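The values are calculated or read from the model by the stated rules, or taken from the named source; none is laboratory data. Note that the coordinates shown come from a computational prediction; the quantities given were computed from them, not determined experimentally. Every residue, glycine as well, gets a Cβ built from its backbone with ideal geometry; the counts of neighbours run over all protein chains shown.
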There are 2 protein chains.
Amino acid sequence: MLGLALTFPFAATAENGIVHDAEYYILEAQHGEVWASDDQTVDARLAEFRERNGGKPPNILYVLVDDLSFGEMGIPEMNYIRGSQTPRINAFADEGLSLMRMYTEPSCTPSRVALMTGRHPVRNGLGEVKATVAGEGLATEEVTVAEVLSDNGYNTVHIGKWHMGDIEQSYPHNQGFDYASFPIHQQVLLGFMTPESDASQAMQGWLPGSSNDPFALDATFKPDGLVYSMEGTRGELAREVDFEAGERWTQAHYDAMHQKYQTETIEQLQRLSAEDKPFFLQYWPLIPLEFDRTRFDTIETANGGTGVESLKQLDKWFGDIIDEVDRLGIAENTLVVLMADNGRFRQFDSTLGFSQTIYRGGKVDTSEGAIRVNAFARWPGMIAEDTLAGDMIHISDLFTTFARIGGAKDSISTDRIIDGLDQSALLLEGEGPGRRDYVFVYGTDNLAAVVKQKFKLELPAPGLPGVSAKVYDLYRDPGEQSPLTEIALWASASYQDIIERHMLAAQAHPHSDVGRGHPYSGIENLRPESKTMVENFMSWQKN
Amino acid sequence: MLGLALTFPFAATAENGIVHDAEYYILEAQHGEVWASDDQTVDARLAEFRERNGGKPPNILYVLVDDLSFGEMGIPEMNYIRGSQTPRINAFADEGLSLMRMYTEPSCTPSRVALMTGRHPVRNGLGEVKATVAGEGLATEEVTVAEVLSDNGYNTVHIGKWHMGDIEQSYPHNQGFDYASFPIHQQVLLGFMTPESDASQAMQGWLPGSSNDPFALDATFKPDGLVYSMEGTRGELAREVDFEAGERWTQAHYDAMHQKYQTETIEQLQRLSAEDKPFFLQYWPLIPLEFDRTRFDTIETANGGTGVESLKQLDKWFGDIIDEVDRLGIAENTLVVLMADNGRFRQFDSTLGFSQTIYRGGKVDTSEGAIRVNAFARWPGMIAEDTLAGDMIHISDLFTTFARIGGAKDSISTDRIIDGLDQSALLLEGEGPGRRDYVFVYGTDNLAAVVKQKFKLELPAPGLPGVSAKVYDLYRDPGEQSPLTEIALWASASYQDIIERHMLAAQAHPHSDVGRGHPYSGIENLRPESKTMVENFMSWQKN
């Protein structure tokens, strides 16, 4: 008998008072002693590091690539299979640990929210964010990893994609970053809604005059007046930059935006590394989501898709960043993590040059192709080079793990469920000590699947019995094509227990509301057309 | 204008008088000068090697694994994805060149025939061989790589699977090998037709007394009296070994057969390396095709399928062989090539633990999943370590390449089409100088598809126009799921030219007949039950 202490999930436990989801306590009751021992090892190694590093924890550079399916970076053989080129990222992978079982949420906003808050976005209403103006976003009440680290002596900077809301409280410089440079929206509005994309037939219906002006009767249907690139400093209003009133957004603007974020990241590395405080720098590039074939003078990959060509660019840029880290002499006191936020959007495969390869499906579904990504961690002297680990890990775990490594774990809120587990032992000691054998897979606010180690159960449609659930063996059937009825017949009951515990925990610690506000609030130089668009939106909104 | 010399494919050309397929001459006309220069480099390097090696060409150890899909060996990341373990093969891959675009034929016999003869098996009637007694096989008139090397001073030994016929002329010791130890049939009859397989419901209908004896009215329908393991020495009759008259073949026999071939390979390495002559040693193991779950005391892989467990065994055994090569001090004068003969049989995926992953389909179809395999070549000092090459290569190319490296190219027949191209420059100089941008893909005797570099055209059904062919971009769409009509509309015409040239060449050099004879001929100790089975077969046969 295991004699599980069934006090979970209704109270905080000894682990710094952090409240985890119920499933964690099932495992802690079975492995708590080993974990405590692992923690001692980790604490000793982190203490030694700080001693070498002038008493300071390491810098953290976190690079999050948008929409890249598992296998698209860091594995040389896959380059040959796909006709792609990621030599710098492959070399980076060899310098550290490849996390072979990193789970994310199924799309951009949820994955980014899970990283920032350590919580499944269902807990804070951010399972998705509308593409255009929404008046919603990350709430002030959420505590981000930037806030946690900032409270513990870190300089914090965010560069690139953000996509967690269009209201003042949700902007990165209001969520723990000292400085942020970011587009308020995502790449559909930046890379798709351009005259070039219309001309190449990648997009239809948006450009005035194209497609026979299909929405001519209602001038408010098509977004006109979108805010693009922003800059913000903690405690100040944001400013829209690099765009004038009356201008038309084009591919050239989008290209310039990529270059700007890359350049700013290098500049921030130079600036931050000269400071006395450690830094937490996020670079979340917009590429390789590129639809414009004409921007490439010559196609250099055997694949030739715009996304694959752009990935080659990203690879070079990532290499430039790593070169800069090394040149600045901060390699050994900087933890660098590179990963993708979710799998590719399958719909654009033929243009971008990607396609379903190892795992089935992609972004916005709940198959492994949506939620399994390549992830790599480098920290010379602290993380063993050229290693791989098969332990399960979820993007939310990085919240807790970064806090631990940054000496900031005590700043994690204890009044809410933190899904992210401390995986410092996995990063620092390598394969084996992972603390997770489960992942809850949400579509938006609906639980769609539960992974327990090797098997993934896809929840049956409402009204169907538990034994009708599809259970997949993720090793034997990575494409999730052959559900195993014989396993569902017994295991669905155990999965039901997991789900019940998960729901009970959420009852004890109810979900928070999404942040709400006036779209484009907190921007000091809103253009007239943006103001008009917001007014149109507000005219029928209640908030 | 290229000014192609359109004398092909009707006459032998300058290249040692070897006659290749028409497509080769299209490329030779465009790249012949570069190839001549590459050949000079290769010749110089081979000459230097022989000088260092007492005037002798290198040993060649050729390990051919049965039925293993691309991605199942040699790529550490894939081990994590599949829950499999091939650490020794992965390490071996790092010591040499990974051929990332090795094509084979779609199943065992054709692939092995292509290797042995350098010819597509359609040219010698060996697109398939019947599972039980057939009275057919590799004809005496075919010239094998073993004969070519043997004629040029090599000791030659074959150990393990053969599966190129059940007639005397087709046995390996009658096809150029000094000694051979091999089962006459393949694994269905060895691993499937056992009481253990019947008990586990992997096989039905064969074991007397099981399945309500479904063929009780006709005692000749079920093969009874199959010959199993054989040994043969050049110029002598074969002997069946390790099986007595009246015995019932069981899993224990199959297990013992695996161990025997592994042990014999090690022993032959020891014996051959002590000889003055160089050796050509083939080891073609029967594992990982294993269906008996009960033979594994403990399951050690996360996957747990019998094939994946058995692959772990194969990996260890392959490691033992490489260790022996190294221990014997012959590493630097031994070219070791490891590859699979074709993709997995998808039907047994759930038991074996494999499944479709990178490429679609498997054995006996004509998708990339059937004909793309992992292949690795190691030759310290001659082949660069830890490299990959994306050049196209076909298993038949190894015939010509082994002959070239063995100094035996002049012994290649000049009176028939040799499909295999000399890819020595690719092996020795690494990525780039590959001589092939095409592969003809045969089902059995029907041309099913043509690969030209990046695009694969699947021939339309008879009676449909060429433009209805499906054309796949193998980089953007490795799963061959989205045929590109826009490419078929122009490229199908060029593909038709390729096919016409290919057919014209076959008219000028017609196909040979398959070897025919008395089943189980050339065996000195045929058991009574085997004689009876053959008599039953011959009673209605004409040959």
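Inspect the stretch B:225-232 for any residue being part of a strand (DSSP E or B), under 30 Å from B:SER150 (Cα atoms) and touching a helix residue (DSSP H, G or I) at 6+ places or on another chain (Cβ under 8 Å) and give the result as yes or no.
Scanning the stretch B:225-232 turns up at least one residue that is part of a strand (DSSP E or B), under 30 Å from B:SER150 (Cα atoms) and touching a helix residue (DSSP H, G or I) at 6+ places or on another chain (Cβ under 8 Å).
For residues that are of a type in the set (Gly, Ala, Ser) and under 16 Å from the mean Cα position of the chain (by Cα), scanning just the stretch A:393-432, find the one that is farthest from A:VAL337 (Cα to Cα).
So the residue we want is A:GLY420.
Please enumerate the residues belonging to the stretch B:172-197 that are over 29 Å from B:PRO278 (Cβ atoms) and assigned to a helix (DSSP H, G or I).
B:GLN187, B:VAL188, B:LEU189, B:LEU190, B:GLY191, B:PHE192, B:PRO195, B:GLU196, B:SER197, listed by residue number.
Residue check: is A:VAL148 surrounded by fewer than 24 Cβ atoms within 10 Å (Cβ to Cβ) and over 14 Å from A:SER521 (Cα atoms)?
Here the answer is no, as A:VAL148 does not meet what is asked.
Does the stretch B:293-315 hold any residues that are closer than 16 Å to B:LEU68 by Cα and not in a loop (DSSP other than H, G, I, E, B), and which are they?
Result: B:THR306, B:GLY307, B:VAL308, B:GLU309, B:SER310, B:LEU311, B:LYS312, B:GLN313, B:LEU314, B:ASP315.
When you go through B:ASP218, B:ASP213 one by one, which is the residue that is farther than 19 Å from B:THR132 by Cα, part of a loop (DSSP other than H, G, I, E, B) and over 30 Å from the mean Cα position of the chain (by Cα)?
Answer to the check: B:ASP213.
List every residue pair whose Cβ atoms sit under 8 Å apart, with the two residues 6 or more apart in sequence or on different chains, where the first one lies in the stretch A:240-254 and is in the same structural domain as A:HIS185 (by TED's automatic domain parsing) and in contact (Cβ under 8 Å) with a residue 24 or more places away in the chain and the second, anywhere, is part of a loop (DSSP other than H, G, I, E, B) and of a type in the set (A, V, I, L, M).
Filtered contacts from the stretch A:240-254: A:GLU240/A:VAL227; A:GLU240/A:LEU526; A:TRP249/A:MET193; A:TRP249/A:LEU226; A:TYR254/A:LEU286.
Pairs only if they're at least six apart or on different chains, beta carbon under 7 angstrom, first in the stretch A:334-363 and within 14 Å of chain B (Cβ to nearest Cβ), second assigned to a loop (DSSP other than H, G, I, E, B) and acidic (Asp, Glu); list them, first residue then second.
Short answer, once both residue conditions are applied: A:ARG344/A:ASP67; A:PHE354/A:GLU72; A:SER355/B:ASP477; A:ARG360/A:GLU480.
Please give the number of the condition B:ASN212 fails out of (1) surrounded by fewer than 17 Cβ atoms within 10 Å (Cβ to Cβ); (2) touching an Asp or Glu at 6+ places or on another chain (Cβ under 7 Å); (3) among the polar types (S, T, N, Q).
Failed condition: (2).
Of all residues in the stretch B:290-311 being within 14 Å of chain A (Cβ to nearest Cβ) and surrounded by fewer than 22 Cβ atoms within 10 Å (Cβ to Cβ), which is modelled with the lowest pLDDT?
Residue satisfying both the conditions and the ranking: B:ARG293.
Given the condition surrounded by 18 or more Cβ atoms within 10 Å (Cβ to Cβ), within 28 Å of the chain's Cα centre (by Cα), among the aliphatic types (A, V, I, L, M) and within 14 Å of chain A (Cβ to nearest Cβ), answer yes or no: does some residue in the stretch B:522-531 qualify?
Scanning the stretch B:522-531, I find no residue that is surrounded by 18 or more Cβ atoms within 10 Å (Cβ to Cβ), within 28 Å of the chain's Cα centre (by Cα), among the aliphatic types (A, V, I, L, M) and within 14 Å of chain A (Cβ to nearest Cβ), so the answer is no.
Looking only at the stretch A:255-286, count how many residues are farther than 30 Å from A:PRO208 by Cβ and without any contact (Cβ under 8 Å) to a residue 12 or more places away in the chain.
The number of residues fulfilling the criteria is 5.
Could you count how many residues in the stretch B:364-390 are of a type outside the set (A, V, I, L, M, F, W, C) and either free of Cβ contacts under 8 Å to residues at least 12 places away in the same chain or on the phi > 0 side of the Ramachandran plot (or both)?
Count: 2.
From the residues in the stretch B:64-86 that are among the charged types (D, E, K, R) and surrounded by 24 or more Cβ atoms within 10 Å (Cβ to Cβ), which one is nearest to the other protein chains (Cβ to nearest Cβ)?
Of everything passing the filter in the stretch B:64-86, B:ARG82 is nearest to the other protein chains (Cβ to nearest Cβ).
On the basis of being farther than 30 Å from A:GLN453 by Cβ, hydrophobic (A, V, I, L, M, F, W, C) and surrounded by 24 or more Cβ atoms within 10 Å (Cβ to Cβ), does A:LEU352 make the cut?
Yes, satisfied.
Is one or more of the residues making up the stretch B:118-138 buried (at least 20 other Cβ atoms within 10 Å of the Cβ), more than 17 Å from the chain's Cα centre (by Cα) and of a type in the set (Ser, Thr, Tyr)?
So far as the stretch B:118-138 goes, no, none of its residues is buried (at least 20 other Cβ atoms within 10 Å of the Cβ), more than 17 Å from the chain's Cα centre (by Cα) and of a type in the set (Ser, Thr, Tyr).
So A:HIS511 clears everything in (1) buried (at least 18 other Cβ atoms within 10 Å of the Cβ); (2) in contact with a helix residue (DSSP H, G or I) (Cβ under 7 Å, 6 or more places away or on another chain); (3) not polar (S, T, N, Q) except one condition, right? Which one?
Going through the list (1) buried (at least 18 other Cβ atoms within 10 Å of the Cβ); (2) in contact with a helix residue (DSSP H, G or I) (Cβ under 7 Å, 6 or more places away or on another chain); (3) not polar (S, T, N, Q), A:HIS511 breaks only (1).
Take the stretch B:214-231 and flag every residue that is in contact (Cβ under 8 Å) with a residue 40 or more places away in the chain and more than 15 Å from B:ILE167 (Cα to Cα).
Scanning the stretch B:214-231 gives B:THR220, B:PRO223, B:ASP224, B:GLY225.
So, A:THR351, is that one touching an Asp or Glu at 6+ places or on another chain (Cβ under 7 Å) and not in a loop (DSSP other than H, G, I, E, B) or not?
Here the answer is no, as A:THR351 does not meet what is asked.
Could you identify the single residue in A:LEU269, A:LEU281 that is buried (at least 16 other Cβ atoms within 10 Å of the Cβ) and within 21 Å of A:HIS163 (Cα to Cα)?
Selected residue: A:LEU281, the only one of A:LEU269, A:LEU281 that is buried (at least 16 other Cβ atoms within 10 Å of the Cβ) and within 21 Å of A:HIS163 (Cα to Cα).
Residues that are touching a Phe, Trp or Tyr at 6+ places or on another chain (Cβ under 7 Å) and away from chain B (no Cβ under 14 Å), at least 2 per element: which strands (runs of 3 or more DSSP E) completely within the stretch A:415-510 meet that?
Output list reads A:447-452.
Among the listed residues A:ALA114, A:ALA134, which satisfies the condition of being at pLDDT below 95 and more than 14 Å from chain B (Cβ to nearest Cβ)?
A:ALA134
Please go through the stretch B:51-63 and pick out each residue that is crowded, with 16+ Cβ neighbours inside 10 Å and among the charged types (D, E, K, R).
Listed by number, the list holds a single entry, B:LYS56.
Residue-by-condition table, conditions (1) free of Cβ contacts under 8 Å to residues at least 60 places away in the same chain; (2) surrounded by 24 or more Cβ atoms within 10 Å (Cβ to Cβ); (3) closer than 18 Å to B:THR144 by Cα:
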residue: B:THR400; (1), (2), (3): no, yes, yes
residue: B:GLY407; (1), (2), (3): no, no, yes
residue: B:ARG416; (1), (2), (3): no, no, yes
residue: B:GLY430; (1), (2), (3): no, no, no
residue: B:ASP437; (1), (2), (3): no, no, no
residue: B:ASP445; (1), (2), (3): no, no, no
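Mind listing whichever residues of the stretch B:179-200 are hydroxyl-bearing (Ser, Thr, Tyr) and touching a strand residue (DSSP E or B) at 6+ places or on another chain (Cβ under 9 Å)?
B:TYR179, B:SER181
Does the stretch B:87-105 hold any residues that are more than 8 Å from chain A (Cβ to nearest Cβ) and over 14 Å from the mean Cα position of the chain (by Cα), and which are they?
Answer for the stretch B:87-105, where residues must be more than 8 Å from chain A (Cβ to nearest Cβ) and over 14 Å from the mean Cα position of the chain (by Cα): B:PRO87, B:ARG88, B:ILE89, B:ASN90, B:ALA91, B:PHE92, B:ALA93, B:ASP94, B:GLU95, B:GLY96, B:LEU97, B:LEU99.
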